[in-house]
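Step one of this worksheet: look at the structure below.
The values are calculated or read from the model by the stated rules, or taken from the named source; none is laboratory data. No experiment lies behind these values; they were computed from the predicted model shown. Cβ atoms come from the backbone with ideal geometry, glycine included; neighbour counts cover every protein chain shown. Surface areas here come from the heavy atoms of the whole protein model, side chains and all, with no ligands, DNA or RNA. Shrake-Rupley method; radii C 1.70, N 1.55, O 1.52, S 1.80 Å.
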Amino acid sequence: MADNNILYDCIIIGAGPGGLQAAIHLARYNRRILLLDRGGGRTSHARHIVNYLGIREITGQELIETGLAQLRSFGVEVRKTPVVSVTKEEDFRVQTTEHAFQARFVIASTGAVDNQPRLKHLSRFFGKGYYTCVDCDGHQTTGRQLLVMGNNLNAPRLALAMQQMYTVRVSLLISDYSLPDDYATVLQENNIPLVIGRPVELLGNDVLAGVRLADGRSMTCEAIMATFGWHLNDGYLQDLQLDRDQEGFKILASPAGQSSLPGFYVVGALRPGHAQAIIAAGQGAAAAIDINSQLLDL
Ligand SMILES: Cc1cc2nc3c(=O)[nH]c(=O)nc-3n(C[C@H](O)[C@H](O)[C@H](O)COP(=O)(O)OP(=O)(O)OC[C@H]3O[C@@H](n4cnc5c(N)ncnc54)[C@H](O)[C@@H]3O)c2cc1C
């Protein structure tokens, strides 16, 4: 039995753009909903979002706070707490560290986290010189001396792409990965210097100036685009059987966001597709509209 005896129409887990937009739509249908969020998340690290329709420039934090204020104006219940598990019998049971809640539908919108090398001063430059998302921040590197770094095949591809779009001054730093010979040749043909080494420290005070490697060498740069992969915030879903993509990574969903488990929806970075605030928000709206039509007894 849940702690408060309420059967919610829908519990939304995660207050990024996906979860917030879903909650806004469900609130406008007068549905009984609960939004659970532990705080933090990818969007909160965005220092300037400039590609969101209708907003000239906003920080991720402001976008979230504005969304939360909008939700509260509709009377939506919001609790700041981590969800630790979700199970399903007839209805869903959502367990936080302190309480259990039940709902007919659940939307998971808990996003993903970028994998990062252990880098001294990373927090100083994350989103401000050190970037991980081309769609978000690639434009910030225009004309700058750029270092692409990573530990997989995406890294050389990214270096070539960045050179085509933003700047001719690109170098590549690869760690813990051996690059196929043909890639090394293509990089050479495109004047992209290749360095093998492990980055340990970002250099600079207010402005990024370079990176120091474990062997003592340093490389100068004005911007970094890093690609070390990412992992999902999905540990709390361990009790649910959910179909995943071929790599067993992202959670598969219908166009409206319903997973292979009826009633359980996923939006945003948890499911295949591009990790963008406006895409997550659109998916949140679609999931909410679909859930509302399932709740209608027509
Ligand atoms: C530095 C940076 C800059 C970016 N810039 C842009 C940009 O300019 N434009 C753009 O479109 N996108 C940008 N993005 C990407 C964008 O923020 C996300 O890809 C997108 O918004 C994903 O939204 P989401 O709702 O899926 O997840 P998120 O925004 O990550 O939100 C997930 C929420 O779920 C919460 N959560 C996670 N686990 C739990 C749990 N167990 N229990 C409760 N809550 C939980 C988190 O705390 C978080 O609040 C940027 C990302 C970064 C890192």
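How much length is gained on full extension from ASN152 to SER85, taking 0.36 nm per residue of separation minus their Cα-Cα distance? Working shown, then result.
Working: separation 67, 0.36 × 67 = 24.12 nm, distance 3.22 nm.
Full extension from ASN152 to SER85 adds 20.9 nm.
Where nothing but the Cβ of Lys and Arg (+1) and of Asp and Glu (-1) is charged, how large is the charge dipole of the stretch 143-298 around its Cα centre, in debye to the nearest 20? Write down the numbers at each step before the final one.
On the way: 9 positive and 15 negative charges, 86 e Å.
Rounded to the nearest 20 debye, it is 420 debye.
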Among GLY150, GLY235, ALA103 the positive-end extreme of the charge dipole of the chain (Cβ point charges): GLY150
Helix-only mean residue ellipticity at 222 nm, the chain, DSSP H runs n ≥ 4 weighted -39,500 (n - 2.57), per residue, nearest 500. What is it? -7500 deg cm²/dmol
Compare the Cα positions of GLY204, PRO193, SER178 along the charge dipole of the stretch 163-213 (+1 at Cβ of Lys, Arg; -1 at Cβ of Asp, Glu; about the Cα centre) and return the one farthest towards the positive end. GLY204
Partnerless Cys - the chain, beta-carbon criterion under 4.7 Å: CYS10, CYS221
Can you say what percent of the DSSP beta bridges in the stretch 20-120, counting only those with both residues inside, are antiparallel? Round to 5. 70 percent
Can you tell me how the stretch 115-238 classifies by the Cα gyration tensor, rounded, prolate or oblate, using a/c under 1.5 as the rounded cut? rounded
Size of charge dipole - the chain - debye, nearest 20, with Cβ of Lys, Arg +1 and Asp, Glu -1, no other charges: 680 debye
Per 0.36 nm of contour for each residue apart, how much would the distance between VAL200 and ARG72 grow if the chain were fully extended, relative to their Cα-Cα spacing? 41.8 nm
Taking a cut-off of 17 Å between Cα atoms, list the lysines near LYS128, but don't count ones fewer than 8 places away on the same chain. LYS120
By average C-beta atoms within 10 angstrom, highest first, the peptides 265-276, 71-82, 135-146, 175-186: 265-276, 135-146, 71-82, 175-186
Enter the angle in degrees (range 0 to 90, nearest 10) between the Cα long axis of helix 60-73 and the first principal axis of the Cα atoms of the chain, meaning the one along which they spread out most. 10 degrees
Rg followed by Dmax, in Å, when the stretch 108-163 is reduced to its Cα trace: 12.4, 39
Angle, helix 17-28 long axis vs. longest principal axis of the chain, Cα atoms, 0 to 90°, nearest 10? 20 degrees
If you project the alpha carbons of the stretch 1-44 onto the principal axes, what extent comes out on each, in Å, largest first? 33, 24, 8
Using the Cα gyration tensor of the stretch 49-130, with a ≥ b ≥ c the square roots of its eigenvalues, what is the shape: rounded (a/c below 1.5), prolate (a/b larger than b/c) or oblate (neither)? oblate
Counting only DSSP beta bridges fully inside the stretch 83-226, the antiparallel percentage to nearest 5 is 50 percent
Under 22 Å from the Cα of LYS250, which lysines turn up, not counting those fewer than eight places away in the same chain? LYS88
Contour minus Cα-Cα span, ARG56 to ALA209, at 0.36 nm per residue, comes to 52.2 nm
Take the Cα coordinates of the stretch 1-92, assign each an equal point scatterer, and use the Debye formula without solvent to give log10 I(q)/I(0) at q = 0.15, 0.16 Å⁻¹. -0.62, -0.69
In Å and from the alpha-carbon atoms only, list the Rg and Dmax of the stretch 236-298. 12.1, 39
For ALA161 and ILE6, FRET efficiency with R0 = 45 Å and r from the beta-carbon atoms, rounded to 0.05? 0.35
Averaging over all projection directions, find the projected area of the Cα convex hull of the stretch 192-245 and quote it in nm² with one decimal place. 6.9 nm²
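So how strong a dipole does the stretch 103-184 carry about its Cα centre when Lys and Arg Cβ are +1 and Asp and Glu Cβ are -1, to the nearest 20 debye?
Working: 8 positive and 6 negative charges, 86 e Å.
Around 420 debye, computed over the stretch 103-184.
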Placing +1 on each Lys and Arg Cβ and -1 on each Asp and Glu Cβ in the chain, then taking the dipole about the Cα centre, the residue among LEU270, GLY284, LEU68 whose Cα reaches farthest towards the positive end is LEU68
Expressed as a whole percentage, what fraction of the accessible surface of the chain belongs to carbon and sulfur atoms when a 1.4 Å probe is rolled over the protein heavy atoms? 48 percent
Mind giving me the nanometre distance, one decimal, between the label points for HIS48 and ALA256, set 7 Å out from Cα along Cα→Cβ? 4.1 nm
Where Rh is the Kirkwood radius over the Cα pairs of the stretch 145-193, the temperature 25 °C and the viscosity 0.890 mPa s, what D in µm²/s does Stokes-Einstein return? 232 µm²/s
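Express the Stokes-Einstein translational diffusion coefficient of the chain in µm² s⁻¹, to the nearest whole number, given a Kirkwood radius over alpha-carbon pairs, 10 °C and a viscosity of 1.306 mPa s.
Values: Rh = 20.7 Å.
For these conditions, the coefficient is 77 µm²/s.
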Of all DSSP beta bridges located in the chain, what percent are antiparallel, nearest 5? 40 percent
